[in-house]
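Asker: If you scroll down you'll find the structure; I have some questions about it.
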Amino acid sequence: MFSSLRLAVTTLVSVLFVSSVFGLPLAPRDQLCNGHSELCSRKYGNVTFLGAHDSFAVSGNPLALARTQEVDVNTQLLSGVRALQLQGHKNGDDIHFCHTSCMLFDGGKAADYLHQVKLFLDSHPNEVLTLIIANPEVIPVKEWATLFNSTGLGEIAYNPPQPIMTREDWPTLGEMISSSKRVVIFIDKGAEVRTDEASQFVLPHFQMMWEDKYDPTDPKFPCKVDRSAGPLAPNQQLNLINHNLNTNIFPIGAGVLIPDRLDSPRTNSVQDIEMHSDHCAPLANYQRPNFVLLDFVTTGSGPAAVDALNGFA
């Protein structure tokens, strides 16, 4: 037994010596990208990511009607979320993440939230993450870039080689991870013209991505291009499905919509998410959505549904 072990060790040492001397490539260990080795060679624009809608609006209190999530951002990320949707508002001198307004639901300082995200990424170096930010007050992009740089996210943010990227222009997840540029930051207002070089990694959302109906109330999730901007056609853009069902608690006039927690296990099922994806597929040249945005993301089967959309059993 010992002679066999000695022979195996000698053989391994010989292979390493020959490889190092003659420059022969050593077989790399299997790399995982967002949990799957198969995704390392797949382009960012051809991957489906699990997303958390208003991921900062966290409360375990069922009477907090404006909440959209029940667990904090670190738990969301640990559960498989790889796209975080956020909404920025000024609260004094600071940017806060708030739902509609900071009086309705204040998720706290954006810097505190983003520090948690950076800590997760530091301890999970093989993950690509997307931030999708609503900017209703049109806070200047330069101010956003300063915030991202102060939290360390700017250093690992992906800066595309051209102003507008088609779905096929993106690098693979493996390339993004190898280059340490593995955070993609989209913002819906204010980044259409980026003249400040230091802010180039803050990308114009609707010029590169379309969404279907916002605040959906129909559990059948019919699909149409609801929010988008030129110059790309929808089948050239990334796309996001708002798979976060709302219920109307005051159906008079415009009504009052709140996230539908009671139906969330069914809404977040594999069957319902795949149904929604199928409805949108003709608009995206029959490609799967890039982002599936859920409320109460740890209920139902969101990670399994996204695995299925990515082609994994």
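Asker: Order of Phe201, Phe206, Phe312 from fewest to most other C-beta atoms within 10 Å?
Answerer: On the way: Phe201 24, Phe206 18, Phe312 12.
In order of increasing Cβ crowding within 10 Å: Phe312, Phe206, Phe201.
Asker: Can I ask one more? Which value in nm describes the separation of the simple spin-label points at Leu262 and His279, placed 7 Å from the Cα toward the beta carbon?
Answerer: Here the answer is 2.0 nm between the modelled labels.
Asker: If you don't mind, there's one more thing I want to ask. Fewest to most neighbouring Cβ within 10 Å: what's the order for Arg82, Arg194?
Answerer: Listed from fewest to most nearby Cβ atoms, that is Arg194, Arg82.
Asker: Let me ask another. Taking the chain as the reference, fit the longest principal axis to its C-alpha atoms, fit the long axis of helix 270-280 to the helix C-alpha atoms, and give the angle between the two in degrees, 0 to 90, nearest 10.
Answerer: 80 degrees
Asker: For the residue pair Gln116 and Ser37, what label-to-label distance in nm results when each label sits 7 Å from Cα along the Cα-to-beta-carbon direction?
Answerer: Going from the Gln116 label point to the Ser37 one covers 3.4 nm.
Asker: Extending each Cα 7 Å along its Cβ direction at Cys102 and Asp72, get the distance between those two points in nm, one decimal.
Answerer: With each label point 7 Å from Cα toward Cβ, the separation is 2.1 nm.
Asker: Let me ask something additional. If the only charges are +1 at each Lys and Arg Cβ and -1 at each Asp and Glu Cβ, what is the size of the charge dipole of the chain around the Cα centre, to the nearest 20 debye?
Answerer: Numbers: 22 positive and 33 negative charges, 135 e Å.
So the dipole magnitude of the chain works out to roughly 640 debye.
Asker: Give me the percent relative contact order of the chain, please, defined on Cα pairs under 8 angstrom at least 6 residues apart. Each step should come with its number before you reach the end.
Answerer: Working: 608 pairs, mean separation 58.5, N = 313.
Here the relative contact order equals 19 percent.
Asker: Take every DSSP beta bridge whose two residues both sit in the chain, then give the antiparallel share in percent to the nearest 5. Numbers along the way, then the final one.
Answerer: Details: 12 of 39 bridges.
Once the DSSP bridges in the chain are tallied, antiparallel ones form about 30 percent.
Asker: Then there's this: Using helices alone, what [θ] at 222 nm do you get for the chain, with -39,500 (n - 2.57) per DSSP H run of 4 or more residues, divided over all residues and rounded to the nearest 500? Can you show the working numbers first?
Answerer: Working: 9 runs with 84 residues, N = 313.
After summing the helix terms and dividing by residue count, I get -7500 deg cm²/dmol.
Laboratory data are not the source of any read-out in this text; all were calculated from the coordinates shown. Model, not experiment: these values are computed from the prediction. We place every Cβ from the backbone using ideal geometry, glycine too, and count neighbours over all the protein chains shown.
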